[in-house]
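This report refers to the structure that appears directly beneath it.
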Amino acid sequence: QQQKEIYGNIALLYVHQNKQADALNFIKVARRENPNDLNLLLTEANVQYKLGNTAEFKSLLEQATKMNPNNPELQYNLGVIASESDHPEDAMGYYNQAIELDPNYINAYINSAALILNKEQALIEEMNGLGTSKKDDLRYDELRKMRQDIYKSAIPYLEKALEIDPKSLSAAKTLHNIYGVTGEKAKHDALQKIVDALESESN
């Protein structure tokens with residue numbers, strides 16, 4: 001036990017000194033002797049991530065979820081890495097699992113909304129590239145409706161995030177902008193007051 005802690009502490013020391021490769025060597029030795037230690041596994045995952053070894057990081061997190069399947073933070077971290085690796089559907093699944101395990105996991109709601117809103121970019125690019133023909137006008141209307149649907153599907157996640165933490169400026173701002181686009185004036189005006197109050201608090 002004492003030796004394991006020494007290895008772990010040396011590894012973390014190297015991490016703080018930005019010597020990730022040295023940290024990895026120490027942590028691998030510690031894990032060989034303590035293969036079922038979740039904290040050591042997560043320390044290695046952290047180091048692998050800092051070294052840019054995304055596949056190894058994801059593999060280690062998946063091992064961790066098998067060791068501790070009811071840990072919402074692990075599910076959330078898998079969601080983050082899946083999102084950064086351009087696997088949005090996998091990411092959404094992990095975030096939903098985190099929410100199922102902890103209904104108040106605010107970052108899982110905010111990141112879920114961000115994943116949904118990311119779909120908007122491709123629509124905007126296509127809308128901007130359209131001409132003025134009747135066919136283009138019809139396509140523009142289709143895309144505009146699809147864009148509204150994206151906004152509407154993000155709203156419940158942001159509303160829940162704001163319910164969990166009424167001081168979440170990022171959730172309030174995003175929701176405020178969405179209500180502006182969807183034309184929900186009363187909700188937009190109510191959020192404007194909340195955003196203004198939160199911004200004045202943070203200054």
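The values are calculated or read from the model by the stated rules, or taken from the named source; none is laboratory data. Please read all numbers here as calculations on a predicted model, not as lab measurements. Positions of Cβ are backbone-derived with ideal geometry, glycine not excepted, and every protein chain shown enters the neighbour counts. Quick note on the areas: whole protein, heavy atoms, side chains included, nothing else; ligands and nucleic acids left out. Shrake-Rupley method; radii C 1.70, N 1.55, O 1.52, S 1.80 Å.
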Within segment 68-101, take every residue that is surrounded by fewer than 16 Cβ atoms within 10 Å (Cβ to Cβ) and acidic (Asp, Glu) and give me the one that is farthest from Ala161 (Cα to Cα).
Asp86
Note: among Glu89, Glu126, just one is touching a Lys or Arg at 6+ places or on another chain (Cβ under 9 Å) and either modelled with pLDDT of 95 or more or assigned to a helix (DSSP H, G or I) (or both), namely Glu126
Starting from residues that are open to solvent by 70 Å² or more (accessible area, probe 1.4 Å) and not in a helix (DSSP H, G or I), keep the ones in segment 164-203 and report whichever is nearest to Ser153 (Cα to Cα).
Pro166
Contact list please: Cβ distance under 8 Å, first residue in segment 165-179 and under 11 Å from Leu198 (Cβ atoms), second residue open to solvent by 50 Å² or more (accessible area, probe 1.4 Å) and not in a helix (DSSP H, G or I), pairs at least six apart or on different chains.
Ala171/Asp165
So the helices (runs of 4 or more DSSP H) completely within segment 4-82 holding 2 or more residues that are among the polar types (S, T, N, Q) and more than 27 Å from Pro103 (Cα to Cα) are 20-33
Return the pairs, sorted by first residue and then second, in which the second residue is open to solvent by 80 Å² or more (accessible area, probe 1.4 Å) and not hydroxyl-bearing (Ser, Thr, Tyr), the first residue lies in segment 119-146 and is under 24 Å from Ala91 (Cβ atoms), the beta carbons are less than 8 Å apart, and the residues are 6+ apart or on different chains.
Leu123/Met146
So Asn34 clears everything in (1) in contact with a helix residue (DSSP H, G or I) (Cβ under 6 Å, 6 or more places away or on another chain); (2) modelled with pLDDT under 90; (3) within 30 Å of Gln148 (Cβ to Cβ) except one condition, right? Which one?
(3)
Give the residue, chosen from Ala114, Ala108, that is open to solvent by 20 Å² or more (accessible area, probe 1.4 Å), among the small types (Gly, Ala, Ser), modelled with pLDDT of 90 or more and under 11 Å from the mean Cα position of the chain (by Cα).
Ala114
